[in-house]
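Notes for the one structure printed next.
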Amino acid sequence: MRFTTRDAGAAQAFDALVARTLEGIRKEPGTLVYVSHIPEGEPLVRVFYELYADEAAFQAHEDQSHTRAMLREREQYLSSTEVTFLSEQAGKRPAPLEAP
């Protein structure tokens, strides 16, 4: 996902929203990677890379109250949003967590 924030103040508020939301995301077992990046030379842009164990894990993430709250609140800070869904071809994934 690529988000462009409205201005520097909105970027700061958006980053705070993301930080609060990450508290819940860190507890999602099927969310393997959830990272926000700032592209060099684009201080108002945030690029997110998200990786889920499977489609069910993605849906579980979308259904969480912290995710739904972020989806509602983020719009006030953004001037544009681009979403690209990727189909995994090959690569190296994080090791799956073992059950306790």
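Coordinate-derived values only; no laboratory data. Keep in mind that what you see is a predicted model, and the values were worked out from it rather than measured. So basically every Cβ, Gly included, is an ideal-geometry build from the backbone, and we count neighbours across all protein chains shown.
Listing for the model above:
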| read-out | value |
| --- | --- |
| Å³ per residue enclosed by the Cα convex hull of the stretch 18-100 | 130 Å³ |
| Part-to-part distance (alpha-carbon centres) for the stretch 75-95 and the stretch 16-50, which is given in Å | 10 Å |
| Lys/Arg +1, Asp/Glu -1 at C-beta; the chain dipole; positive extreme among Leu51, Ser79, Ala8 | Ala8 |
| Net charge dipole size for the chain [Lys, Arg +1 and Asp, Glu -1 on Cβ; Debye, nearest 20] | 180 debye |
| ³J(HN,Hα) computed for each position of the stretch 71-77 - Karplus, 6.51 cos²θ - 1.76 cosθ + 1.60, integer Hz, glycine/proline x | 4, 6, 6, 5, 4, 5, 9 |
| 3J(HN,Hα) from dihedral phi, the stretch 23-34, Karplus parametrisation 6.51/-1.76/1.60, rounded to Hz, x for glycine, proline | 4, x, 4, 4, 8, 7, x, x, 8, 7, 9, 8 |
| Contact order relative to length of the chain, as percent, for alpha carbon pairs under 8 angstrom and 6 or more apart | 39 percent |
| Net lengthening on full extension, His37/Phe85 (0.36 nm per residue, minus Cα-Cα) | 15.6 nm |
| Residue-by-residue Karplus 3J(HN,Hα) for the stretch 78-92, coefficients 6.51, -1.76, 1.60, Hz, glycine and proline x | 10, 9, 7, 9, 10, 10, 10, 8, 10, 9, 5, 10, 6, x, 10 |
| Potential lengthening between Arg93 and Ala8 on full extension [0.36 nm per residue; Cα-Cα distance subtracted] | 27.2 nm |
